[in-house]
Amino acid sequence: MSWQVYVDSNLVGSGKVSRAAILGQKGGVWAASPGYNLSTEEQKAITSGFSNPSSVQANGVRLAGQKFFTLQADPEHIYGKKQADGCVIVKTKQAILVAEYAAPIQAPEATPVVEGLADYLKSVNY
């Protein structure tokens, strides 16, 4: 399975996501938009944010060096905002989808794209 296709076609290809990555819950970047580099520390913070949502709620989340204020966090979702841009991070059974959107795209446009892919991956045990 090529994870890059999901990033290129399903996320960024939707026109609602500006850059994205798929992380493995056990570590590592499975696929990412060109030039979208999440540091090891950022990956660990995202992964631990699902087991400790109050921490990511209090401290925000960093993606490729940019800090997003956390609007909502729970054991499966993290939603963030940075000025007019935002992020949607969703945990599946084995992966974590990380997606950013840029103005004029808004959360109600980007969120269903990311969550729809997450629902599909969960349905096939990923």
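Given a Förster radius of 30 Å and the C-beta distance between residue 55 and residue 83 as r, what FRET efficiency does 1/(1 + (r/R0)^6) yield to the nearest 0.05? Could you put the intermediate results ahead of the total?
Numbers: r = 23 Å, r/R0 = 0.76.
FRET efficiency, residue 55 to residue 83: 0.85.
Take residue 69, project a point 7 Å from its Cα along the Cβ direction, then tell me which residues of the range 75-119 have their backbone nitrogen under 16 Å from it.
Taking a point 7 Å out along Cα→Cβ of residue 69, the residues of the range 75-119 whose backbone N falls under 16 Å are 79-87, 107.
Give me the net charge of residue 118's neighbourhood, meaning all other residues with Cβ under 13 Å from the Cβ of residue 118; Lys, Arg count +1, Asp, Glu -1. Provide the component values of the computation, followed by the final result.
Numbers: positive: 91, 93, 122; negative: 76, 115, 119.
Here the charged neighbours net out to 0.
Counting other Cβ atoms within 10 Å, which trypsin sites (Lys or Arg not before Pro) in the range 1-31 have at most 12 and lie in a DSSP loop?
Here the sparse-neighbourhood loop sites are 26.
Using a 1.4 angstrom probe and counting only protein chains, how large is the accessible area of residue 48 in Å², to 10?
60 Å²
Residue by residue through the range 53-62, which ³J(HN,Hα) values in whole Hz follow from phi under the Karplus form 6.51 cos²θ - 1.76 cosθ + 1.60 (θ = phi - 60°), with glycine and proline marked x?
Running phi through 6.51 cos²θ - 1.76 cosθ + 1.60 with θ = phi - 60° gives x, 5, 5, 5, 5, 6, 9, x, 9, 9 Hz.
Full extension from residue 9 to residue 119: what is 0.36 nm times the residue separation minus their Cα-Cα distance, to one decimal in nm?
Working: separation 110, 0.36 × 110 = 39.60 nm, distance 1.61 nm.
The residue 9-residue 119 span can extend by a further 38.0 nm.
Do any trypsin sites (Lys or Arg not before Pro) in the range 34-105 lie in a DSSP loop with no more than 15 other beta carbon atoms within 10 Å, and if so, which? Before the final figure, lay out each step's value.
Numbers: sites: 44, 62, 67, 81, 82, 91, 93; in loops: 93.
Answer by residue number: 93.
Across the Cα atoms of the chain, what radius of gyration and what greatest pairwise Cα-Cα distance (Dmax) are found, in Å?
12.8, 36
The values are calculated or read from the model by the stated rules, or taken from the named source; none is laboratory data. Note that this is a predicted model, so its numbers are computed, not measured. When we count neighbours, we look across all protein chains shown, and the Cβ atoms used for this are built from the backbone with ideal geometry, even at glycine. We work out accessible area using only protein heavy atoms, side chains counted, and drop any ligands, DNA or RNA first. Shrake-Rupley method; radii C 1.70, N 1.55, O 1.52, S 1.80 Å.
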